[in-house]
1. Pick out which of Ser197, Ser41, Ser219 has the largest mean-square fluctuation in a Gaussian network model of the chain, springs linking Cα atoms closer than 10 Å.
2. Taking 35 Å as R0, compute the FRET efficiency from the Cβ-Cβ separation of Glu52 and Leu268 and round it to 0.05.
3. Can you flag which of Lys143/Lys225; Lys120/Lys143; Lys143/Lys173; Lys31/Lys252; Lys66/Lys127; Lys199/Lys225 are past 23 Å Cα-Cα?
4. Taking 0.36 nm per residue of sequence separation and subtracting the Cα-Cα distance, how much length would be gained by fully extending the chain between Gln194 and Ser72, in nm to one decimal?
5. Would you report the distance distribution of C-alpha pairs in the range 102-213 as whole percents per 10 angstrom bin, up to the bin with the largest distance?
6. Return the whole-Å distance between the Cα centroid of the range 88-167 and the Cα centroid of the range 61-75.
7. Could you tell me which of rounded, prolate or oblate describes the range 1-155, using a ≥ b ≥ c as the square roots of the eigenvalues of the alpha-carbon gyration tensor, with rounded for a/c under 1.5 and, failing that, prolate when a/b is larger than b/c and oblate otherwise?
8. Taking a spot 7 Å from the Cα of Ser81 along the direction of its beta carbon, which residues of the range 2-40 have an amide N less than 14 Å from it?
Amino acid sequence: MGAPKLRVAVLGCSGSIGRQTLDVCRQHADKIDVVALSVNSSVSELVRDAVEFHASYVSVADESYKDAPELSDLPFGCHLSFGSDAVSDLARLDVVDCVCVSIVGAAGLSASHAALEAEKRLALSNKESLVVAGDLLIPLARKMSEKAGEQLLLPVDSEHSAIFQCYQGEDPKQAHCIWLTCSGGPFFGMTREQLKSVKPSDALAHPTWSMGAKITIDSATLMNKGLERIEAMHLFDCDLDDIRVLIQRQSKIHSMVEYDDGSVIAHLGASDMRIPIQYAFSYPDRWVTPAPRIDFTQLGSLEFSAPDPDAFRCLTLAEEAGRRGGSLPCVLNAANEVAVDAFLHNRCLFTDIDRVVETCMDKHDVQRVESYEQLSLIDSHTRSFAAELIESIDFC
Ligand code: MG
């Protein structure tokens, strides 16, 4: 008899991270049982995955899909539910040990909370959860991890998984700083003027990592790195100033921790999200890689540079949000989600993204974070205001 299988719920299984998570599950079918799956609206994918993995529970967040004919092909006995509350309920199921939250944007928040509250391991790729509600989620993660006697919150974001690994066996108090690495994105080296004319297809063409559209644009504006800095601040309980962004064009160093004695521990490997996803499942063990191994002889050089804050202003805006804290990161994130969506649909320029975010931040009176309801209200107010800004012809 081997070790019992890890029973996982993959929430947001049709997205980029969800698909890669299921691939890890496929490659380690002897170690992982996929018991629950959710999608927002991709019901065909849900049915296909439920059949392949013999899932017992599935949820569709968008209730307008209740009568979708595809759902009649779900496996016999598979429990089906609808609505975003139903998705969070999957995170609480007794038959689930580990919840992978790969839902994009602020929508992943309640599922992350539900997983922690139910004392499940949370493999978190949804950085927005921590950016928006780190003040609520992190104390909960600490409390429940202590109760469970194990680390419940495992980062899936590649940089944060890397940092987490660089910390293993070390005293975090002896860390001097974190080097948060960044590919620089497809528009690395461009001026503000040049950035005005870039199109969504330019950003989506050649990402270094296999990612969804929203995060690909965030990587191009460097907002992704700004959000990740706030995420790291919460996850590793350190000052924003001690998290330094460093461009590493080849994306082969996934982040580093520099210690007081000058030693720098770096995490290197293939640029493949399946590796950090798998580590969140296998921790503290290491399983055979789900991805091709890195070939250092083919790597050539490793180049480093500093980001350009004048051209890529999202980095500075995220820094301000992280420094001032409270409800401001929620505003940063909501405004960004709306602006990125507008850019993807050719409703604003690339350089309007940071303008929308900045205006929303300027108009907001920062509050101390008290509840999810408060954050949800700020989130929706910001979204409406950002949408109005984009509509206004003068603005763009
Ligand atoms: Mg990342």
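The values are calculated or read from the model by the stated rules, or taken from the named source; none is laboratory data. Quick caveat: nothing in here was measured; it's all calculated off a predicted structure. Heads up, the Cβs are rebuilt from the backbone with ideal geometry, glycines too, and the neighbour counts pull from every protein chain shown. Heads up: the accessible areas ignore ligands, DNA and RNA and are worked out on the full protein's heavy atoms, side chains in. Shrake-Rupley method; radii C 1.70, N 1.55, O 1.52, S 1.80 Å.
1. Ser197
2. For Glu52 and Leu268, the calculated efficiency is 0.60.
3. Over 23 Å apart, Cα to Cα: Lys143/Lys225; Lys31/Lys252; Lys66/Lys127.
4. So the chain would gain 38.8 nm between Gln194 and Ser72.
5. So the P(r) values, bin by bin, are 12, 33, 31, 18, 6, 0.
6. 28
7. Oblate, since a/c reaches 1.5 and b/c is not below a/b.
8. 9-11, 36-39
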